[in-house]
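What follows is a set of notes on a single structure, which appears directly below.
The values are calculated or read from the model by the stated rules, or taken from the named source; none is laboratory data. This structure is a prediction, so every number in the text was calculated from the model and none was measured. Here Cβ is always computed from backbone atoms with ideal geometry, including for glycine, and neighbour counts include all displayed protein chains.
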Amino acid sequence: MKNIIPTKHVTITTFSNNTWLVVMEKHGENNYVTTGWNRIKQDMKIEDEHFIIFDMISESKFDMMLFKVIEALVRTPERRLAHFKKEVKEKGCPSVI
């Protein structure tokens, strides 16, 4: 969804159906989760070694995938990551929350 700016209030959902209503704000060219981010970090126990992917579903909805960083994932090309994401949606995966 290139060039689509999210609404201010968005819903973030994980594959395990955890859901949060948060506020996003634009700073320069980037959008940031401001209000609600600390709650997500606390609920998901996000730490420095986590890698997070946000998939924009609509202007007001994002799916969030949380990975524990491992060397194999860091070296995974984008097309392989897309395949992995599809596989996770279909079969589930214990390394994705």
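Counting the residues of region 12-62 that are more than 24 Å from A82 (Cα to Cα) and touching a residue at least 40 places away in the same chain (Cβ under 8 Å) gives 0. Kindly check whether there is at least one residue in region 37-50 that is under 18 Å from K68 (Cα atoms), surrounded by 12 or more Cβ atoms within 10 Å (Cβ to Cβ) and modelled with pLDDT under 90. Yes: one or more hits.
Tell me, please, whether a residue that is modelled with pLDDT of 85 or more and either in a loop (DSSP other than H, G, I, E, B) or closer than 18 Å to V23 by Cβ (or both) can be found in region 72-82. No; the residues of region 72-82 include none that is modelled with pLDDT of 85 or more and either in a loop (DSSP other than H, G, I, E, B) or closer than 18 Å to V23 by Cβ (or both). Filtered by the rule that a residue be on the phi > 0 side of the Ramachandran plot and at pLDDT below 90, region 18-36 gives a lone residue, G28. Each residue in region 8-30 was checked for being among the hydrophobic types (A, V, I, L, M, F, W, C) and either assigned to a loop (DSSP other than H, G, I, E, B) or exposed (fewer than 12 other Cβ atoms within 10 Å of the Cβ) (or both), and 1 pass. Here region 59-69 is the region considered, the condition is being modelled with pLDDT of 90 or more and not aliphatic (A, V, I, L, M), and the residue that is nearest to the chain's Cα centre (by Cα) is D63.
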